[in-house]
Amino acid sequence: MNNERENEMSETKTNSLASIAAARTPGTTAMGVGLEARSVHAWFGQKHVLSDISLDFYAGTVTALIGPSGCGKSTFIRILNRMHEFIPSAAMAGEVLLDGKDVYRAGVDVTKIRLGIGMVFQKPNPFPSMTIKENVLSGLKLAQIKINNADELLEDCLVRAGLWSEVKDRLDQYGGTLSGGQQQRLCIARSLAVKPQVLLMDEPCSALDPGSTLRIEETIRDLSKTMTIVIVTHNMQQAARVSDYTGFFLSDGGPGELVEAAPTSHIFSNPKDKRTEDYVTGRFG
Amino acid sequence: MSTLTDNMPKEPLVPNKLSTPKPIKPWKATPKQLLPDFLGAIVAVVTSLVVVAFSPMAGILGFILTFIVISIITAASISGIRQDRKAAANSVSTMVIYFLAAFVLLPVVSIIFEIIRKGAPGLSFGIFFDDMSVTASDAPLSEGGLLHALVGSLYVVVLATIVSIPIGILTALYLTEVKGRAAGTVRFFVQAMSGVPSIVAGLFIYAVWMISLGGTYTTAAGSLALAILMIPTVARTAEEVLKLIPTDLREAGLALGATQWKTVALVVIPAARSGLITAVILGTARVAGETAPLLLTIGGNDAMNWNPLSGNNSALPFYVWKNFGLGTETGADRAWTGIFVLMVVVMIFFSIARVLGNKKG
């Protein structure tokens, strides 16, 4: 009896998620592969945390990475822009191809890689000593890039991050005076200013209220027209709403694996793997 | 484009768990990549030697100065050629930081080396079991010992620590947790006290203990003088450490219905334990080598005195001071040995404190 009801409920849930996802038709905006992961493994010390992840991220699309906590999603996206190596015990194997070239190849300038693959973190982290304007343009200063039309770029980035109308009259106030959702959009604007090809987002909305989350999701949809976006999320609705492709990660106590990756509508309507179905219908995780 | 198979996980070539590749760290420079840097270092050394040989820059100092300038230029050129100007600027700042670090290490290493060189010959098993009560100032090093000074030093430092830890840490708790009305004033006086010359602390105890209260030289008086120096150091460091504990932790404790006292005792202090131990170590380091306040308070002694509450006593810094003052050759040797022993004792103390501080739970 109870079981039946549960099944019913989960079915409704699946259907609604699938219908949300179906509204997104993947492929129409695809412009080729932006970023490719090839047989990526990761270790912390002796612990094998990611096993054999191969995944393509198409330019002009949003790829959502879902899965329970501790399955290696964050580790995976940190490998994509070489942030993984900041952890002393970290090691990896495999290749990450940006424009067909491995970002881990010998002699590569790692600062240029991170310039091309931007990142937005879980917690909004605007630089506290900088004003809103300085925050947005900070990437240029840090990477020692000179431009002539700073004000144009500032407006462009803030407009694309969906923050311009809210802050255009107080660009000289400090970033810390903004609300959490605004701070996160400021961080997105900051990442955009250096014109990355790829934007990685590690649970960008987990610290935000639903309103701010919706604003950021709109921002992500807009941004995806021109760049490759990878977003880690714990929120199934968010993955359904915002992404074109979805990858499901899972760890059965061992290293995290990519169970299934497919267009988002497939993941939420008829996943190939039983485990994916269980996860997206909320039976575990 | 949007076919399912396109984006499916690629099947591994050998679907076998045993085919896991070897973990590598591609971000670590390989020996081949380090070769230019290595060659650059050799070039810098050789060029410096040549410059020193054919120019007015002479001697070790000349070589060091030339070497610093040339190696910075070499490093910048190598990165500039291999990458770009940004990398060159990065190399210059890296090299400058390395050299500045070397300059900081130089005096430390030099002092330690000199102490070992001059102090070690006077070391023998016997000096830890004998005092100087029946040894003449020019007697050979095999006679006499520094047991009395070692015991005296342990007494003053341990007693000063026992007095300072509660006062210092409670002061810090007052400043960070209680945030009482007088916090500003207390903080001002603590800061002012940490700048007090050590002889003033000795004079203060001398004035209060000997002159006003009519006391005599004792080990306890010496430890009180040291405590005056130690309290502000402990309090200031502990305050900084406690300030780093996030407010969330305090609120989490209070939200469980705990009193402020219980929150501080069971949440804040354990979280700050490692830092508080550092505060105590810094305080001990401040006083362990102090001589001036002891001159006015413990009176000096060549014989053992096991009673810290009465009678003159010696301490290692005092022993060093006295033996240098004797003007004999063996006196100077004994002084160096005293410094050596003092250094080792302080290091043992610090290592124990570090181990205790790092232990979890």
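Nothing in this text is a laboratory measurement; each read-out follows from the coordinates by a stated rule. In this text, all values refer to a predicted model and were calculated from it rather than measured experimentally. Cβ: placed from backbone, ideal geometry, glycine included. Neighbour counts: every protein chain shown.
Mean separation of Cα pairs under 8 Å and 6+ residues apart, divided by the residue count of the stretch B:31-121: what relative contact order is that in percent?
Relative CO of the stretch B:31-121 lands at 21 percent.
Can you find, among B:Ile60, B:Val196, B:Val264, the residue sitting farthest towards the positive end of the charge dipole of chain B, where Lys and Arg contribute +1 and Asp and Glu -1 at Cβ?
B:Val264
Calculate the dipole size of the stretch B:31-121 relative to its Cα centre from +1 charges on Lys and Arg beta carbons and -1 charges on Asp and Glu beta carbons; express the result in debye to the nearest 20.
Computed about the Cα centre, the dipole is about 100 debye.
Give the Debye-formula value of log10 I(q)/I(0) at each listed q (0.05, 0.08 Å⁻¹), with one equal scatterer per alpha carbon of the protein assembly as shown, two decimals each.
Here the Debye-derived log intensity ratios amount to -0.40, -0.88.
P(r) for the stretch A:182-277: what percent of alpha-carbon pairs falls in each 10 Å bin, starting at zero?
14, 45, 31, 11, 0
What do you get for Rg/Rh of chain A when both radii come from the Cα atoms and Rh is the Kirkwood radius?
That ratio is 0.98, to two decimals.
List the chymotrypsin sites (Phe, Trp or Tyr not before Pro) within the stretch B:91-185 that DSSP assigns to loop and that have no more than 15 neighbouring Cβ atoms inside 10 Å.
Listed in order of number, the matching sites are B:Phe129.
Can you show me the helix-derived [θ] at 222 nm for chain A, built from DSSP H runs with n ≥ 4 at -39,500 (n - 2.57) apiece and divided by the number of residues, rounded to the nearest 500.
-11500 deg cm²/dmol
When we measure straight from the Cα of B:Lys118, which lysines land under 22 angstrom away, once same-chain ones fewer than 8 places off are left out?
Output for B:Lys118: B:Lys322.
Assigning unit charges at the beta carbon (Lys, Arg +1; Asp, Glu -1) and nothing else, what dipole magnitude in debye, to the nearest 20, does the stretch A:2-280 show about its Cα centre?
680
What net charge do the residues around A:Lys141 carry, taking every other residue with its C-beta under 13 Å from that of A:Lys141, with Lys and Arg at +1 and Asp and Glu at -1?
Once all neighbours under 13 Å are counted, the net charge is +3.
Per residue of the stretch B:26-42, in order, report the coupling 6.51 cos²θ - 1.76 cosθ + 1.60 (Karplus, θ = phi - 60°) as ³J(HN,Hα) in whole Hz, putting x for Gly and Pro.
After applying 6.51 cos²θ - 1.76 cosθ + 1.60, I find x, 7, 6, 5, 7, x, 5, 6, 7, 3, x, 5, 5, 4, x, 4, 5 Hz.
Helix-derived [θ] at 222 nm for chain B: sum -39500 (n - 2.57) over DSSP H runs of at least 4, divide by residue count, nearest 500? Don't skip to the end; give the middle numbers.
Values: 13 runs with 227 residues, N = 361.
So the helix-based figure for chain B works out to -21000 deg cm²/dmol.
What angle, in degrees between 0 and 90 and rounded to the nearest 10, separates the Cα long axis of helix A:150-160 from the longest principal axis of the Cα atoms of chain A?
20
Give me the inter-chain shielding for B:25-34: mean count of other chain Cβ atoms within 10 Å, whole number please.
4
Using Cα springs under 10 Å in a Gaussian network model of chain A, which residue among A:Gln173, A:Gln46, A:Gln184 shows the largest mean-square fluctuation?
Comparing A:Gln173, A:Gln46, A:Gln184 in the GNM, the peak value goes to A:Gln46.
With +1 assigned to the C-beta of every Lys and Arg and -1 to the C-beta of every Asp and Glu, and no other charges, what is the dipole magnitude of the protein assembly as shown about the Cα centre in debye, to the nearest 20?
For the protein assembly as shown, the charge dipole is close to 360 debye.
Over 31 Å, how big is the tail of the calculated P(r) for chain B, in percent of all Cα pairs?
Details: 38723 of 64980 pairs.
Cα-Cα pairs of chain B separated by over 31 Å account for 60 percent.
Please figure out what share of the DSSP beta bridges in the protein assembly as shown is antiparallel and state it in percent, rounded to the nearest 5.
Approximately 60 percent, going by the DSSP bridge assignments.
Which is farthest toward the positive dipole end of the stretch A:165-221 among A:Ile216, A:Pro196, A:Ser206, measuring Cα position about the Cα centre, with Cβ charges +1 (Lys, Arg) and -1 (Asp, Glu)?
Positive-end residue among those listed: A:Pro196.
Among the lysines, which fall within straight-line cross-link reach of A:Lys146, defined as a Cα-Cα distance under 18 Å, with same-chain neighbours fewer than 8 residues apart omitted?
Once the sequence-local lysines are set aside, what remains near A:Lys146 is A:Lys112, A:Lys133, A:Lys195, B:Lys86.
For the stretch B:147-358, would you read off the P(r) tail past 29 Å as a percentage of all alpha carbon pairs?
Every Cα pair in the stretch B:147-358 considered, those over 29 Å come to 33 percent.
Mean separation of Cα pairs under 8 Å and 6+ residues apart, divided by the residue count of chain A: what relative contact order is that in percent? Each step should come with its number before you reach the end.
On the way: 557 pairs, mean separation 83.8, N = 285.
Computed over chain A, the figure is 29 percent.
In peptide B:168-174, what is the residue-averaged number of other protein chain Cβ atoms found within 10 Å of each Cβ? Each step should come with its number before you reach the end.
Details: counts 0, 0, 0, 0, 0, 0, 0.
That average works out to 0.
Relative to 2.2 N^0.38 Å, what does the C-alpha radius of gyration of the stretch B:31-121 come to as a ratio? Two decimals please.
Taking the Cα Rg and dividing by 2.2 N^0.38 Å, one obtains 1.33.
Using Cα pairs under 8 angstrom and six or more residues apart, how large is the relative contact order of the stretch B:147-358, in percent?
Details: 293 pairs, mean separation 64.1, N = 212.
For the stretch B:147-358, the relative contact order is 30 percent.
DSSP beta bridges in chain A, what fraction antiparallel, as a percent rounded to 5? Could the numbers behind the result be given before it?
Numbers: 25 of 43 bridges.
Among the beta bridges of chain A, antiparallel pairing accounts for roughly 60 percent.
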